[in-house]
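Following: one structure in structure tokens, then a few remarks.
The values are calculated or read from the model by the stated rules, or taken from the named source; none is laboratory data. These figures come from a predicted structure and were not determined experimentally. Don't worry about glycine lacking a Cβ; one is built from the backbone with ideal geometry, like all the others, and counts go over all protein chains shown. Side chains included, ligands, DNA and RNA excluded: accessible areas come from the protein's heavy atoms. Shrake-Rupley method; radii C 1.70, N 1.55, O 1.52, S 1.80 Å.
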Amino acid sequence: MTFLTRLSAACLTGVLSLWLPNSTYADDRALRTALDAARAHQWQAIDEASIDQHVLSGYIDYHRLKARLPGLSPEQVQHFIDTHDDSPLSVWMRDVAIGAYGRAGRFNELREVSGGNAPNGVARQCYFYRAYLGIDNQKAIDGGRALWNVGRSQDNACDPLFDALRAQGAIGDAQIWSRLIKAWEAGNDGLANYLSDLLSPSWQPAASTYEQLSKTPERIATVDQKAFSRPVLNSLFEAAFHSLTRQNTQTALTLWQRLGPNAPVTAETRKAIEHDLAFYTLVRDHDENFDWVDATLTSLDQEDLFELRVRTALARGQWAIVKRWVERMPDEQRTDARWQYWLARAEQALGQESQALEHYQAAATQRSFFGFAAADKVGRPYDLNQDQRDKALYALAELDKLPAIQRINALERIGESGLARTEWFYLIDRSTDERVYELAHYALQHEWFDLAVFTSIRSKQWDALSWRFPPAYAELFKQQARENNVSPYLLMGIARRESAFNPEARSSAGAVGLMQLMPGTARHVSKRKNLPYEGPASLTQVVPNVQLGSAYIKSMLDRYRGNRVAAIAAYNAGPGRVDRWLTQGNQPFDLFVESIPFRETRDYVQAVLAYQVIFESLAKGTTKDVAMMSAQERQIRYDSALLAHRND
């Protein structure tokens, strides 16, 4: 039924009339009309009798009651919450009621419907804690201080709460100073300056010092340490070095080497300062300071620093250093396939063949890009590590009787896949482990591919491969694969990574649909390949999105002589960047992937290549004869020779 939700609203009524029994069609059509009317507050347009028994009538009641707030009594609100406690409607109603009562200053009613539990959203939380002023003052203080102590401006609804806490002394100079430091570190100078003005006269020396250091953080070296308490000095040092390290890492490190041994800071602050210094030294490639980093790294014991140190050594081909720092990683990090692979590569480069084989074998037991690359090194089949429960047969007919499932089916029928997804998440979060498996297979049975994927993510069932990697739109991908002479599993891997098979997915950058196409890219591909494109809205439709996305990855493959590693990187980061990386490089495939400067693209390439292995293996029922990369892709050097076309 999922494909119904992907059609345009104009087509929906006609499709329903073809596929649904007449009574169901009539009920859904009436509900669809009623929901649109309720959202527009056009109550006279709702045929109450036609929707009275519909499984989605609660959605109409929700909008009706929401429109009447804050005029409703707490008893009316609570009755709705209790009636719909198996639906996200109950949470939404509680939250909107708290917000409405808070704006109206009806704090007795607010407390009554809240059940003593803080709601979602900053503004509502501020109303909530304000409602407990003088009633449960400690709750109000604790909650209000937490909302206050952030380095950004909060919603205006918080001002009365903050004013009240300041008036009673619960937010005093110490809390103002703490927030000032956070604002300074976050770069919110306007807020920091405002907070500085709130400090009492006894804190003016600290405020003046902040103003000096915010402009010239290296002046921390000249601060009169006898003038301030230990906590104030600690915060000044931490914020000043936070700022200076980002402005000029070399200057910051030189200054810290002079001041650090006797700096008046806590162990936690010392670790934070030194972490920043090590991080930016590595990121900015100040290799003259790597000796200091190496001397500090083990005591800091931070996974991101170990990773960066190994990556800098890989970029220089310093295999002894790679081996040294992988071996010093925490156990959980070191045993990951990625680091077992690089440890093996280092040992191989150092002539330690038997040790290298041991670590390749360890990496090859894991389901990942580096696990599969290690398996290729030692000539063993890929290990999918699939949960055997994932292959079991489930009796799913009883699930149709669940009210939540009935609502989800109805929401899908009327084109409200977003609400259906929310209902699904609410159900998954409140289900037993066994029920989650049943629900995931129910989603697959109904071709709700995105819900199956999100079920594995939501429930952290990483080895349930049939739901994590469902055969979504398989025939369409096979058709486009034939037309573009590409692997259908590559196309599915891209769509899975891009949208988790949600056709309506939209990124913050503006990419749309299954294969997350930017409208400009779609327009360009449609002109070059003579494919239909009817504007950004059409990209939420499965067929045109897959057509355009498949044609685009084909053009990237053509650009890089059929090389999937470069083509996948270009799909994510753009061909201009990949051209530059290739022109500047001369590396084997693994070092090329590891050297991609954008973490997002680095992870993306690894994921898509691994995903295509999983899709192909699941489709064939075996990993035999499945290859993540061709021999040529594994053996060539990644350099400008891959650039088949420079003017696309």
Query raised in the report: How many residues are touching a residue at least 60 places away in the same chain (Cβ under 8 Å) and assigned to a helix (DSSP H, G or I) when one looks only at region 550-588?
Result: 17
Report summary line: Of the conditions (1) part of a helix (DSSP H, G or I); (2) crowded, with 16+ Cβ neighbours inside 10 Å; (3) not acidic (D, E), the single one that M329 does not satisfy is (1)
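Of all residues in region 428-456, count the ones that are in a helix (DSSP H, G or I), more than 18 Å from N502 (Cα to Cα) and either free of Cβ contacts under 8 Å to residues at least 24 places away in the same chain or touching a Pro at 6+ places or on another chain (Cβ under 8 Å) (or both). Give the steps one after another, and end with the answer.
Keep residues of region 428-456 that are in a helix (DSSP H, G or I), which gives 428-429, 433-445, 449-456.
Restricting the remaining residues to those that are more than 18 Å from N502 (Cα to Cα) gives 429, 433-438.
If we keep only those that are either free of Cβ contacts under 8 Å to residues at least 24 places away in the same chain or touching a Pro at 6+ places or on another chain (Cβ under 8 Å) (or both) too, we end up with 434-435.
Of the residues in that region, 2 qualify.
Which residue, of Y533, Y489, Y473, is more than 20 Å from the chain's Cα centre (by Cα) and at pLDDT below 95? Don't jump to the end; show me each part of the working.
Values: Y489 fails: at pLDDT below 95; Y473 fails: at pLDDT below 95.
On inspection, the qualifying residue turns out to be Y533.
Yes/no matrix, rows are residues, columns are (1) surrounded by fewer than 21 Cβ atoms within 10 Å (Cβ to Cβ); (2) at negative phi; (3) at pLDDT below 95; (4) small (G, A, S):
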| position | (1), (2), (3), (4) |
| --- | --- |
| S200 | yes, yes, no, yes |
| T222 | yes, yes, no, no |
| L236 | no, yes, no, no |
| F241 | no, yes, no, no |
| R246 | yes, yes, no, no |
Report summary line: Considering residues that are touching a Ser or Thr at 6+ places or on another chain (Cβ under 8 Å) and open to solvent by 80 Å² or more (accessible area, probe 1.4 Å), the number found within region 286-301 is 1
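Determine whether region 392-407 contains at least one residue that is crowded, with 22+ Cβ neighbours inside 10 Å, in contact with a Ser or Thr (Cβ under 8 Å, 6 or more places away or on another chain) and either free of Cβ contacts under 8 Å to residues at least 24 places away in the same chain or farther than 30 Å from R602 by Cα (or both).
Looking for residues that are crowded, with 22+ Cβ neighbours inside 10 Å, in contact with a Ser or Thr (Cβ under 8 Å, 6 or more places away or on another chain) and either free of Cβ contacts under 8 Å to residues at least 24 places away in the same chain or farther than 30 Å from R602 by Cα (or both), one finds at least one in region 392-407, hence yes.
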Query raised in the report: Since A440 meets every condition but one in (1) surrounded by fewer than 19 Cβ atoms within 10 Å (Cβ to Cβ); (2) under 25 Å from the mean Cα position of the chain (by Cα), which condition does it not meet?
Result: (1)
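For residues that are over 20 Å from D433 (Cα atoms) and free of Cβ contacts under 8 Å to residues at least 60 places away in the same chain, scanning just region 462-481, find the one that is most open to solvent (accessible area, probe 1.4 Å). Quick ask: steps written out before the conclusion?
The initial filter retains those residues of region 462-481 that are over 20 Å from D433 (Cα atoms), namely 471-481.
From what is left, the residues that are free of Cβ contacts under 8 Å to residues at least 60 places away in the same chain are 472, 475, 478-479.
On the way: A472: 0, E475: 126, K478: 77, Q479: 73 Å².
Among those residues, the one meeting the criterion is E475.
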Requested in this report: Confirm whether D173 is under 30 Å from L233 (Cβ atoms) and without any contact (Cβ under 8 Å) to a residue 60 or more places away in the chain.
Outcome: yes
Query raised in the report: Looking at region 611-633, is at least one residue among the charged types (D, E, K, R), touching a Lys or Arg at 6+ places or on another chain (Cβ under 8 Å), part of a helix (DSSP H, G or I) and within 17 Å of I494 (Cβ to Cβ)?
Result: yes
Query raised in the report: Quick check, is A123 touching a Cys at 6+ places or on another chain (Cβ under 8 Å) and under 30 Å from L411 (Cβ atoms)?
Result: yes
**Report entry** region 609-630, residues that are closer than 15 Å to G371 by Cβ and touching a Phe, Trp or Tyr at 6+ places or on another chain (Cβ under 8 Å)
**Finding:** L609, A610, Y611, Q612, V613, I614, S617, T623, V626, M628, M629
Query raised in the report: Among the candidates V512, V453, which residue alone is in contact with a strand residue (DSSP E or B) (Cβ under 7 Å, 6 or more places away or on another chain) and buried (at least 21 other Cβ atoms within 10 Å of the Cβ)?
Result: V512
Report task. Output the residues belonging to region 368-385 that are open to solvent by 40 Å² or more (accessible area, probe 1.4 Å) and either over 29 Å from Y341 (Cβ atoms) or assigned to a loop (DSSP other than H, G, I, E, B) (or both). Result -> G379, R380, P381, D383, N385
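Quick check: is even one residue across region 202-213 over 19 Å from S243 (Cα atoms), open to solvent by 40 Å² or more (accessible area, probe 1.4 Å) and without any contact (Cβ under 8 Å) to a residue 24 or more places away in the chain? Outline the logic, then answer.
So in region 202-213, the residues over 19 Å from S243 (Cα atoms) come out as 202-205.
Within this subset, residues satisfying the condition of being open to solvent by 40 Å² or more (accessible area, probe 1.4 Å) are 202-205.
Add one more test, that the residue is without any contact (Cβ under 8 Å) to a residue 24 or more places away in the chain, and what stays is 204-205.
Checking region 202-213: at least one residue is over 19 Å from S243 (Cα atoms), open to solvent by 40 Å² or more (accessible area, probe 1.4 Å) and without any contact (Cβ under 8 Å) to a residue 24 or more places away in the chain.
Tell me, which residue of region 122-161 that is in a loop (DSSP other than H, G, I, E, B) and under 20 Å from D173 (Cα atoms) is most open to solvent (accessible area, probe 1.4 Å)? Step through it out loud before you land on a result.
Start the filter on region 122-161 by keeping residues that are in a loop (DSSP other than H, G, I, E, B), which leaves 132-136, 149-155.
Then drop every residue that is not under 20 Å from D173 (Cα atoms), which leaves 149-154.
Working: N149: 52, V150: 24, G151: 15, R152: 126, S153: 87, Q154: 31 Å².
Taking the candidates together, the pick is R152.
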Report task. Report whether or not A644 is in a loop (DSSP other than H, G, I, E, B), within 12 Å of N563 (Cα to Cα) and either open to solvent by less than 70 Å² (accessible area, probe 1.4 Å) or at pLDDT 95 or above (or both). Result -> yes
Report task. Tell me which residues, restricted to region 87-120, are open to solvent by 60 Å² or more (accessible area, probe 1.4 Å) and outside any helix (DSSP H, G or I). Result -> R106, N117, N120
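Which one is surrounded by the most Cβ atoms within 10 Å (Cβ to Cβ), of the residues in region 344-361 that are touching a Phe, Trp or Tyr at 6+ places or on another chain (Cβ under 9 Å) and of a type outside the set (D, E)? Break it down stepwise before answering.
So the first thing to find is which residues in region 344-361 are touching a Phe, Trp or Tyr at 6+ places or on another chain (Cβ under 9 Å), and the list is 344-350, 359-360.
Subset that is of a type outside the set (D, E): 344-346, 348-350, 359-360.
Values: A344: 28, R345: 25, A346: 26, Q348: 17, A349: 15, L350: 14, H359: 25, Y360: 25.
Of everything passing the filter in region 344-361, A344 is surrounded by the most Cβ atoms within 10 Å (Cβ to Cβ).
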Query - Meets criteria (surrounded by fewer than 22 Cβ atoms within 10 Å (Cβ to Cβ) and under 16 Å from G549 (Cβ atoms)) for S487 - result: yes
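Would you say D61 is closer than 19 Å to G115 by Cα and not aromatic (F, W, Y)?
Values: closer than 19 Å to G115 by Cα: no; not aromatic (F, W, Y): yes.
No.
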Query raised in the report: When you look at L191, is it touching a Ser or Thr at 6+ places or on another chain (Cβ under 7 Å), in a helix (DSSP H, G or I) and under 30 Å from P264 (Cα atoms), yes or no?
Result: yes
Report task. From R523, R496, grab the single residue that is touching a residue at least 12 places away in the same chain (Cβ under 8 Å) and of a type in the set (K, R). Result -> R496
Report task. Provide a single number: the residues in region 483-521 that are part of a loop (DSSP other than H, G, I, E, B), among the polar types (S, T, N, Q) and within 15 Å of S555 (Cα to Cα). Result -> 2
Report summary line: Note on region 275-285: residues open to solvent by 40 Å² or more (accessible area, probe 1.4 Å) and either within 16 Å of L314 (Cα to Cα) or of a type in the set (K, R) (or both) are V283, R284, D285
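Determine, yes or no, whether S208 is over 21 Å from E268 (Cα atoms) and at pLDDT 95 or above.
Details: over 21 Å from E268 (Cα atoms): yes; at pLDDT 95 or above: yes.
The answer is yes for S208.
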